[in-house]
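The block underneath contains the structure these notes are about, expressed in structure tokens.
What follows is calculated from the coordinates using simple rules that are stated; it is not laboratory data. For clarity, every value in this text was computed on a predicted model and none was experimentally measured. We place every Cβ from the backbone using ideal geometry, glycine too, and count neighbours over all the protein chains shown.
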Amino acid sequence: MTDQPHLLVVDDDARLRSLLQRFLTEAGFRITVAADAAEARAALKAVAFDMLVLDVMMPGETGLELVADLRARRNDVPVLMLTARGAPDERVAGFESGADDYLAKPFDPRELAHRVRTILRRAVPVPNAVPPQKGPIQLGQRWFDPDRSELRGPDGTQRLTGGEAALLGALAAHAGEVLSRETIAEALGTPDAGERAVDVQVTRLRRKIEPDPREPRFLHTIRHKGYVLRPGP
């Protein structure tokens, strides 16, 4: 079916790559595979994938390096990273590089499919997924449109990753209200990622909405409670 999400699976382990291709195909996705970052780059030039499922540790360019470079090039394709190391610091490193979610090996294939679907839902906003807004929300010289998950300003439309758009959408839906890190993680679809992963996403978002991320005007930290978005000119 042409409306099946098209995933690029990148892993240097041929056996795991084959298993991922088979399972994700059975789960209803179209799959292209690549053995390393170089093959992945070639595939990305030829096809607009809906999502990447990307191994962290690969010979040559690592998955972390690849996704960081994609983000630097303003490519916001959703990314789920796979790794044999699931320590909190490893997960945070994945989010810092620009990944949308992180799954440690070994994993249940059903959980993998669930994570993929969750990320894809975030990437394509669902009508009425958040409470209706009265219009775009002003953040200085930029405006966030919750219905389109777009951040617009004098320099045009600012590209947001799926995670950044979900975070800003959740905060915008409750503008002026303090949201705990746990609530935000649920809204992002990553409840087990940990508080530091939420902090990383907030840091990345501030770089795009704040005139000076070191002195936030709009996205404030409320100590021991969480975060609050306070729109304004």
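Between Asp89 and Ala104, the simple label model (points 7 Å from Cα in the Cβ direction) yields a spacing of 1.4 nm. GNM on the chain, alpha-carbon springs under 10 angstrom: the most fluctuating residue among Ala165, Ala46, Ala187 is Ala46. Here each label is just a point 7 Å from Cα along the line to Cβ, and for Arg207 and Arg41 those points are 2.0 nm apart. If R0 is taken as 30 Å, the Cβ-Cβ distance between Gln138 and Phe23 corresponds to a FRET efficiency of 0.10.
Between Asp199 and Glu111, full extension at 0.36 nm per residue minus the direct alpha carbon distance yields a gain of 29.3 nm.
In this Cβ point-charge picture (+1 for Lys and Arg, -1 for Asp and Glu), segment 6-123 has a dipole of about 440 debye about its Cα centre. Ranking Leu64, Gly98, Ala40 by how far each Cα lies toward the positive end of the dipole of the chain (charges on Cβ) leaves Gly98 at the top. Considering only Leu80, Leu179, Leu16, the Gaussian network model of the chain with Cα springs below 10 Å gives its largest mean-square fluctuation to Leu16. Think of segment 137-229 as having a plus end and a minus end, set by charges on the Cβ of Lys, Arg, Asp and Glu; of His224, Pro213, Val178, Pro213 sits farthest toward the positive end of this dipole. Among Leu70, Leu112, Leu167, the residue with the largest mean-square fluctuation in a Gaussian network model of the chain, with springs joining Cα atoms closer than 10 Å, is Leu70. With a Förster radius of 41 Å applied to the C-beta separation of Asp69 and Asp147, the computed FRET efficiency comes to 0.85. Rounded to the nearest 20, the Cβ-based charge dipole of the chain about its Cα centre (Lys and Arg +1, Asp and Glu -1) stands at 600 debye.
Under the convention that each Lys and Arg Cβ holds +1 and each Asp and Glu Cβ holds -1, the size of the dipole of segment 137-229 around its Cα centre is about 280 debye. Dipole of the chain computed with +1 at Lys/Arg Cβ and -1 at Asp/Glu Cβ about the Cα centre; of Leu16, Phe29, Phe144, farthest Cα towards the positive end is Phe144.
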